[in-house]
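Note sheet for the following structure.
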Amino acid sequence: MRKSAMVKSVLKTDWKSLSVVLLLILSGLTVTGQEQEETASASRKANLKKLLDYRYKGGFYSFEKKFNNTVTYPEIARMNCIMGIVVVAMKVDCDGNPNEIKMKTSLGYGTNEEITKLFRETKGEWNKCEDDKYTRFEIPIQFIIRGTETNTEDALFVCEGDPPGHNCNSDEYYLKKAKKALEKGNGKKALKNINFLLQRDPYNTTYSEMRTKAISILN
């Protein structure tokens with residue numbers, strides 16, 4: 001084989017090898033990003049379970065039973081396909097009194113009232129403590145309609161409702177519409193669909209980045 005031909009062959013082989021390596025690295029980065037989000041969710045839920053085990057009488061599973069027996073899917077929310085995660089922040093002081101109940105993310109349609117009712121009914125059901133670091137809670141509570149595709153990895157407690165008799169849109173439906181609007185430079189339409197996604201999954205960093213992009217288009 002001539003020298004020039006050998007050099008070309010080596011370069012061609014090296015570029016192929018480099019392409020494979022880059023592809024593997026990029027794939028690894030993607031998986032790592034997903035794993036980080038999943039790990040954060042698992043860690044958040046594990047810490048909340050430990051806190052409830054310590055503060056709530058009977059522990060996490062007793063609180064879960066209380067949730068299931070108290071929270072119902074508001075009919076107006078179910079009929080309007082309202083789904084998503086309400087992140088509720090609250091304080092249970094060291095004497096065991098629940099107060100300062102606030103919705104960091106809200107779905108409306110009666111869901112806030114259901115959650116507020118739950119925590120108010122836990123009065124007298126908390127263990128006392130000696131350190132204020134055990135008084136703050138931030139609990140993700142999810143409302144989902146059976147048969148409608150959505151992420152269910154981030155919520156600590158889930159309230160399920162029956163289908164309303166008509167189709168409710170999946171996460172993928174809103175994601176496709178948001179991506180298409182972004183590609184066309186339609187920030188207003190993209191933002192509308194991204195906000196639906198963030199209601200469904202407020203911890204999703206990809207949705208947050210898409211929202212930032214949509215806002216930049218509007219500005």
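Here, each number is a calculation from the coordinates, and none is a lab measurement. The shown structure was predicted, so the numbers you read here are calculated from the model rather than taken from an experiment. So basically every Cβ, Gly included, is an ideal-geometry build from the backbone, and we count neighbours across all protein chains shown.
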Would you mind computing, in nm to one decimal, how far apart the modelled labels at SER43 and GLU130 are, each placed 7 Å from Cα along Cα→Cβ? 2.9 nm
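Determine the equivalent ellipsoid of the stretch 35-142 by diagonalising the alpha-carbon gyration tensor, then write out the semi-axes as square roots of 5 times the eigenvalues, largest first, rounded to whole Å. Could the numbers behind the result be given before it?
Numbers: eigenvalues 111, 63, 30 Å².
The answer is 24, 18, 12 Å, longest axis first.
Among SER208, SER43, rank each residue by its count of other Cβ atoms within 10 Å, from fewest to most, as a rough exposure measure.
On the way: SER208 15, SER43 10.
Sorted ascending by nearby Cβ count, the order is SER43, SER208.
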Out of the stretch 36-89, which trypsin sites (Lys or Arg not before Pro) are coil in DSSP terms and have no more than 14 other C-beta atoms within 10 Å? LYS57
Proximal lysines relative to LYS65, as straight alpha-carbon distance under 17 Å, when same-chain residues fewer than 8 apart are discounted: LYS45, LYS49, LYS50, LYS57, LYS117, LYS123
Between SER216 and LYS176, how many nm apart are label points set 7 Å from Cα along the C-beta direction? 2.7 nm
Counting sequence-distant residues (5 or more places) and residues on other chains, those with an amide H built under 5 Å from that of GLY161 are ILE144, ILE145, ARG146
